[in-house]
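Chemist: The structure's right below; bear with me while I get my questions together.
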Amino acid sequence: MPEDIKNEDEILGKAYDSKLMKRLLGYVKPYKKYVVFAILLNTLVSALGPVRPYLTKLAVDEHIVNKNYNGLAEVALLLLASLVLQALIQYFLTYFTQYLGQITILDLRVQLFAHTQKLAAKFFDKTPIGRTVTRVTNDIESLSELFSSGIVMVFSDIFIILWILGFMFFLDWRLSLVTLSVMPFLIYGTSLFRKKVRENYRDVRKHLARLNSYMQEHISGINVVQIFNKEDVELKNFAGVNEDYKKVNIQSIFYYAIFYPTVEFLSAIATGLIIWYGGGEILHHTLSIGVLFAFIQYTEMFFRPIRDLSEKYNIMQTAMASSERVFKLLDDKTFIYDPANPIPLNNVKGKIEFNNVSFAYNEPEYVLKNISFKINPGETVAIVGATGAGKTSIINLFTRFYDINKGKILLDNIDIREIQKEELRKYVSIVLQDVFLFTGTIKSNINLGNSDISDAKIVEAAKLVGADKFISELTKGYDEEVKERGSTLSVGQKQLISFARAIAYDPRILILDEATSSIDTETEILIQKAIEKLLVGRTAIVIAHRLSTIQNADKIIVLHKGEIKEMGKHQELLAQRGIYYKLYQLQYKNQEMSKKK
Amino acid sequence: MTNLLKLKKYFARNKKMLLWGFLFTLISNAGTVYLPLVLKNAINKLQVDATPHQLVIYCIEIILASLVAGVFRFLIRQTIIVVSRYIEYDLRQDFWAHIQKLPMRYFQNTTTGNLMSHATNDINAVRNFIGPAVMYSVDTFIRLIIIIGIMISLSPQLTFYTLIPLPFLSYAVYKIGQHIHLKYVAIQEKFSEMTTRAQENYSGIRVIKSYVREEYENEEFNKLSHEYLEKNMDMVKSQALIMPMLFLLTGLSTILVMWLGGIKVIQGQLSLGVITAFIIYLGLLIWPIIAFGWVMNIIQQAEASMKRLNKIFNEKYEISDNENTDKTIKDIKGDIEFKNVSFRYSDDLPYILKDINLKIESGSTVAIMGYTGSGKTSFINLIPRLYDVTGGELLIDGTNIKNIPLSVLRKNTGLVQQESFLFSDSILNNLSYGLPAPDLEKIKKVSDISQFSKDINDFPEGYETLVGERGITLSGGQKQRASISRALAIDPAILILDDSFSAVDTHTEEEILKRLKVFMQNRTSILISHRISTVKDADKIIILDNGIIAEEGTHEELVALNGIYADLYYKQLLEKELEELN
């Protein structure tokens, strides 16, 4: 993730981008009613604040001056009523706008996640997982404020200003103009401040990102730092980065230190002007003391929303930058496309044919060249070869994790590109050598959350592969918790679980990448038996590391540097004294010896 | 508060500036509270016999009072808040100095992310306490005292009524704040659950795709997103209370002033100006009182963060110089001796190395082979003391390495680790990492030995080319050769290569080995490798198996022994034959 901070996240885009904004607003559309409702509430609630100085004006001019106790009490009650009403509305308004923000980002998040589920393996090859995770989590998160306070609250601030202006001009337009004479300074000051703070904010982010990536990098490389005895030098380097960060922060303190007092000062000037000009009018009896009273309160009220508007600006800025990244991912179309008119699969027999298949992850580096072979329904084919021969690529192709560059792959004589991916995959299970277990339970790892697979079926599958024994010995049996990546289970146990998973899904075709890692003999025997069970009655492609698997295979394909060099049965191939013979001595002979022991 | 006491020394360093800050707070508040008094006088005067001249004076007084308040408010931020950044700097600097010296063992058990979160979130929480929290508490305290004093002098009775709601307000902010914090923690937990879910999903995407579980995953994620929304709304329920509650309680005070004060005005006991002053004073008190509740929460969070930081600060260095260190040792010749050495990563883990006895003479080359997990890397990590032996003794030039100054030991040991780590910096700076300053001549020389110079010349900016995200991405083999150059550059007395040719092709490897032989003439070399070709010319080959030395001898001796080494040898011959087939 911090790598992220370094590049994409350091860019701080425009604060307002109409294209992005339009797209973002599209997500609010389904909740248009909420927005309208919130804005209506806003118009109402924003009047309740400004009405109070007006009420106090009434209290002073009508009741205090006329010594009317009841009138004064009435006004006090009115003030209380407006206050309570405002508090209530404000509460619901906040709740509503927050809900609006939350529900909108939920939609966006779910959409983005669903989008990533459709992305092809190629996407995941080239994109660090952390980056995709950040998009789905943090980046979306920083949009919530935009949708909640951003959109609705901007209205609120504007309404408050309008209401105050309305009351002021209604009371005395000349005094209003005098009071507002400081406004140009305020607006100019605010926009200057906004500009400065924005530049500074960018610097702060930049230096924070540097600080973080420095730490991230040097914690990862702490061994190098220590081995080369560079702690003191690195401490100095760190001081440089740390110092820069401090400086931009102190710069930011400076701007705020100037801005807030300036706003207060301007408001005091306005107050002073009210006393001077309004006082003069009072002396001429053209103004009542109550109006003066109200104006002093309005000045106080007026400045806050203007000040807050600059804060909203920051929210917008962050949101724009995040939304740009989010949309970029959403627009990524690294898909393996389904055919427009897929051929439905019925009664799959499981005949597989590779017809002059060539494949490259990056053209023109072909990892598979002109591969052709046939597997009849129910047969097992073992693929052997040295590391890098292209074995793993073959299994990636059959389920269309990647599409081939040349040739054809046929299932029951249908080109697999004519079949819908999902349908194809329903008939094929892949058991990878590196078993991936999810956080959850043993059960959920066998059925992968598929409720169509009953508990009985899960147990049956586990029994068949011999996993039932160790599972039932766990305290909670099939409901035993599986921690992250199955850290509490042994390698062998994890494999058995993945076998059970494959059996439970009962595929027509099984693709198995046998694990090479050494396990104890007892587990080894279990696994060998399990594999035999797995293969019964299915068409299977096995990347074989076990002698027993190879010996039982109907056909062995020897891959060498992306090409099929030899094909046949174990004894035939041995007799050829070619590549297979050497591979046998290298990889499998020991197994035979240990078996004899 | 006990954990935050650790900050005392940092405050002490900035005592002067802080004291100025407190003084400025006093002056600024004097200006602030003077303004309503002027207003009071003005309004009272207006009702009787004000002159235009007087009005101008009032107006100027207001502006001046506010100017004083403003200038000093500026200075408060420039002192107290700035100090908080100074302290943050110092704290982070100390944190880093400490982290760097922690032993490898610590980093093995702590994730980078975890440490990063301490360095960012926790230090930030502490800074929030030092800056805003200190500033607002001092400010609040001073302001509260002065204003209440003035209010009482104006009207004790009215003061009493108006202040009634304020303690409730402060308490409410504190309580709700606490409540919100709890909810916030729950939100964070859900958020991290969601992150983990996404992380796992993407890691296991192939499984999900092959079993066509995308829909299910979508549903699960959808469910989680909804739960997250609920947690958020749960917090909003309390959070949304804050603002309404604030102006309800403060508004209540104002109404009381209007009403009760108004009655008194009618009765002639109070002037209208006093009411004005009261209303403005209330406005001035609201924020500090709210801040008070808020500050309490900041302090609590800072305390918790400081506790976590202190825990790291209390981690022991384990491996460092001590009173037994022989400071007279300035150099190393390179005789290494393992005497009954055993090692394990911690007391509850099994031994990785058992009773190792081995002498490596200065100038000789020793190769170590063995299956994965046989203890090879642990073995060589002991030499530059990345870990200390847990049993027996490791001697260099006849001295226990625990008594050799750590810097002398490491300056003379060139260790090339299995995982090549390079910094995002220029090639030159990376390769000069162990030198006091970048030295192009030297780097060119060692890069010739490591056969890296040819690659470098092909890079866009030669030795100045940046490595990493902003520059070029090196291949595994290039990284390994870069690491070798970096280790050679320090002129080590002992060179250790931990499987450093695994991504280098055999031809290049031979070239490197040929040149290394000359370079290493008077130095000690230790090589770990899986390849027979790398080790066969070593003076001595050692086979580690399950933490013990299983075989020891020259290539010929070991082949003749017909054990593990011979088995590896024959297999690699076969592999080579296969490789050459076309």
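The values are calculated or read from the model by the stated rules, or taken from the named source; none is laboratory data. Bear in mind that the values here come from a model prediction, so they are computed numbers and not experimental data. Every residue, glycine as well, gets a Cβ built from its backbone with ideal geometry; the counts of neighbours run over all protein chains shown. SASA here: full protein model, heavy atoms, side chains in, ligands and nucleic acids out. Shrake-Rupley method; radii C 1.70, N 1.55, O 1.52, S 1.80 Å.
Every residue, every condition in (1) more than 29 Å from B:Ile76 (Cα to Cα); (2) within 12 Å of another protein chain (Cβ to nearest Cβ); (3) out of contact with any strand residue (DSSP E or B) (no Cβ under 6 Å at 6 or more places or on another chain), yes or no:
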| site | (1), (2), (3) |
| --- | --- |
| B:Met116 | yes, yes, yes |
| B:Met135 | no, yes, yes |
| B:Ile152 | no, no, yes |
| B:Glu217 | yes, yes, yes |
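Chemist: Select from the stretch B:554-582 the residues that are in contact with a Leu (Cβ under 7 Å, 6 or more places away or on another chain), more than 14 Å from chain A (Cβ to nearest Cβ) and farther than 23 Å from B:Gln418 by Cα and list them in ascending order.
Modeler: Passing the criteria: none in range.
Chemist: Could you grab the pairs with beta carbons closer than 8 Å, sequence gap of 6+ or different chains, first residue in the stretch B:309-337 and within 18 Å of B:Asn3 (Cα to Cα), second one of a type in the set (Phe, Trp, Tyr)?
Modeler: Qualifying pairs under 8 Å: B:Leu309/B:Phe95; B:Ile312/B:Phe95; B:Phe313/B:Phe95; B:Glu315/B:Tyr106.
Chemist: Count, please, the residues in the stretch B:351-377 that happen to be open to solvent by less than 10 Å² (accessible area, probe 1.4 Å) and hydroxyl-bearing (Ser, Thr, Tyr).
Modeler: 1
Chemist: Something else now. Going through B:Gly398, B:Gly434, B:Gly462, B:Gly391 one at a time, which residue ends up being touching a residue at least 40 places away in the same chain (Cβ under 8 Å), surrounded by fewer than 17 Cβ atoms within 10 Å (Cβ to Cβ) and farther than 23 Å from B:Gly375 by Cβ? So that I can check it myself, show each step before the final result.
Modeler: Values: B:Gly434 fails: surrounded by fewer than 17 Cβ atoms within 10 Å (Cβ to Cβ); B:Gly462 fails: touching a residue at least 40 places away in the same chain (Cβ under 8 Å); B:Gly391 fails: farther than 23 Å from B:Gly375 by Cβ.
After ruling out the rest, the residue left standing is B:Gly398.
Chemist: Regarding B:Ala487, is this residue within 33 Å of the chain's Cα centre (by Cα) and of a type in the set (A, V, I, L, M)? Working first, answer last.
Modeler: Details: within 33 Å of the chain's Cα centre (by Cα): yes; of a type in the set (A, V, I, L, M): yes.
Considered against the rule, which asks whether it is within 33 Å of the chain's Cα centre (by Cα) and of a type in the set (A, V, I, L, M), B:Ala487 comes out as yes.
Chemist: Do any strands (runs of 3 or more DSSP E) entirely within the stretch A:503-579 hold 1 or more residues that are over 20 Å from B:Leu578 (Cβ atoms), and if so, which?
Modeler: On the way: elements: A:509-513, A:539-543, A:555-560, A:563-568.
Hits in the stretch A:503-579: A:509-513, A:539-543, A:555-560.
Chemist: If you scan the stretch B:539-571, which residues turn out to be among the small types (Gly, Ala, Ser) and open to solvent by 10 Å² or more (accessible area, probe 1.4 Å)? Outline the logic, then answer.
Modeler: In the first step, residues of the stretch B:539-571 are kept if they are among the small types (Gly, Ala, Ser); the result is B:547, B:550, B:553, B:560, B:563, B:566.
Correct list: B:Ala550, B:Ala560, B:Gly563.
Chemist: Sticking with this one: Does B:Tyr216 meet the test of being of a type in the set (Ser, Thr, Tyr), crowded, with 20+ Cβ neighbours inside 10 Å, part of a helix (DSSP H, G or I) and modelled with pLDDT of 90 or more? Step through it out loud before you land on a result.
Modeler: Numbers: of a type in the set (Ser, Thr, Tyr): yes; crowded, with 20+ Cβ neighbours inside 10 Å: no; part of a helix (DSSP H, G or I): yes; modelled with pLDDT of 90 or more: yes.
For B:Tyr216, the condition - of a type in the set (Ser, Thr, Tyr), crowded, with 20+ Cβ neighbours inside 10 Å, part of a helix (DSSP H, G or I) and modelled with pLDDT of 90 or more - is not met.
Chemist: Sticking with this structure for a sec: Starting from the stretch A:564-585, keep only residues that are more than 15 Å from A:Ala544 (Cβ to Cβ), then list their pairs with residues that are open to solvent by less than 80 Å² (accessible area, probe 1.4 Å) and in a helix (DSSP H, G or I) whose Cβ atoms are within a distance under 7 Å, requiring at least 6 positions of separation or different chains.
Modeler: Final answer for the pair search is A:Lys565/A:Ile579; A:Tyr581/A:Leu574; A:Lys582/B:Leu574; A:Lys582/B:Leu578; A:Gln585/B:Leu574.
Chemist: Still on this model: Is it the case that the stretch B:20-33 has a residue that's more than 10 Å from chain A (Cβ to nearest Cβ), aliphatic (A, V, I, L, M) and surrounded by 19 or more Cβ atoms within 10 Å (Cβ to Cβ)?
Modeler: Of the residues in the stretch B:20-33, the ones more than 10 Å from chain A (Cβ to nearest Cβ) are B:20-27, B:29-30, B:33.
Now narrow it down to the ones that are aliphatic (A, V, I, L, M): B:23, B:26-27, B:30, B:33.
Next, only the ones that are surrounded by 19 or more Cβ atoms within 10 Å (Cβ to Cβ) stay: B:33.
Within the stretch B:20-33, one or more residues are more than 10 Å from chain A (Cβ to nearest Cβ), aliphatic (A, V, I, L, M) and surrounded by 19 or more Cβ atoms within 10 Å (Cβ to Cβ).
Chemist: Checking the condition without any contact (Cβ under 8 Å) to a residue 60 or more places away in the chain, of a type outside the set (A, V, I, L, M, F, W, C) and more than 10 Å from chain B (Cβ to nearest Cβ), which residue from A:Asp232, A:Asp308, A:Asp244 passes?
Modeler: Selected residue: A:Asp244, the only one of A:Asp232, A:Asp308, A:Asp244 that is without any contact (Cβ under 8 Å) to a residue 60 or more places away in the chain, of a type outside the set (A, V, I, L, M, F, W, C) and more than 10 Å from chain B (Cβ to nearest Cβ).
Chemist: Follow-up question, since we're still on this one. Just to check your reading of the model, which residue among A:Glu365, A:Glu422, A:Glu418 is of a type in the set (D, E, K, R), at the interface with chain B (Cβ under 10 Å from one of its Cβ atoms) and open to solvent by 60 Å² or more (accessible area, probe 1.4 Å)? Give the derivation first.
Modeler: Working: A:Glu365 fails: at the interface with chain B (Cβ under 10 Å from one of its Cβ atoms); A:Glu418 fails: at the interface with chain B (Cβ under 10 Å from one of its Cβ atoms).
Criteria check complete, one pass: A:Glu422.
Chemist: Here's a follow-up. Go through the stretch B:344-373 and give me each residue that's touching a Phe, Trp or Tyr at 6+ places or on another chain (Cβ under 7 Å) and without any contact (Cβ under 8 Å) to a residue 60 or more places away in the chain.
Modeler: B:Arg344
Chemist: Taking B:Ser426, is it among the small types (Gly, Ala, Ser) and either out of contact with any Ser or Thr (no Cβ under 9 Å at 6 or more places or on another chain) or surrounded by fewer than 22 Cβ atoms within 10 Å (Cβ to Cβ) (or both)? Spell out the reasoning first.
Modeler: On the way: among the small types (Gly, Ala, Ser): yes; either out of contact with any Ser or Thr (no Cβ under 9 Å at 6 or more places or on another chain) or surrounded by fewer than 22 Cβ atoms within 10 Å (Cβ to Cβ) (or both): yes.
Answer is yes for this residue.
Residue-by-condition table, conditions (1) over 20 Å from A:Lys247 (Cα atoms); (2) facing chain A (nearest Cβ under 8 Å); (3) surrounded by fewer than 22 Cβ atoms within 10 Å (Cβ to Cβ):
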{"residue": "B:Leu18", "(1), (2), (3)": "no, no, yes"}
{"residue": "B:Ile60", "(1), (2), (3)": "yes, yes, yes"}
{"residue": "B:Val82", "(1), (2), (3)": "no, yes, yes"}
{"residue": "B:Tyr89", "(1), (2), (3)": "no, yes, yes"}
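Chemist: Starting from the stretch B:126-148, take each residue that is closer than 23 Å to B:Ile164 by Cβ and list its partners that are modelled with pLDDT of 85 or more and open to solvent by 40 Å² or more (accessible area, probe 1.4 Å), counting only C-beta distances under 8 angstrom and pairs at least six apart or across chains.
Modeler: Hits for this filter: B:Ile142/B:Leu26; B:Ile146/B:Ala30.
Chemist: Within 14 Å of chain A (Cβ to nearest Cβ), within 30 Å of B:Asp397 (Cβ to Cβ) and open to solvent by less than 50 Å² (accessible area, probe 1.4 Å) - does that describe any residue in the stretch B:505-525? Walk me through how you get there before you give the answer.
Modeler: Restricting attention to the stretch B:505-525, the residues satisfying the condition of being within 14 Å of chain A (Cβ to nearest Cβ) are B:505.
Okay, now just the ones that are also within 30 Å of B:Asp397 (Cβ to Cβ), so none.
Scanning the stretch B:505-525 turns up no residue that is within 14 Å of chain A (Cβ to nearest Cβ), within 30 Å of B:Asp397 (Cβ to Cβ) and open to solvent by less than 50 Å² (accessible area, probe 1.4 Å).
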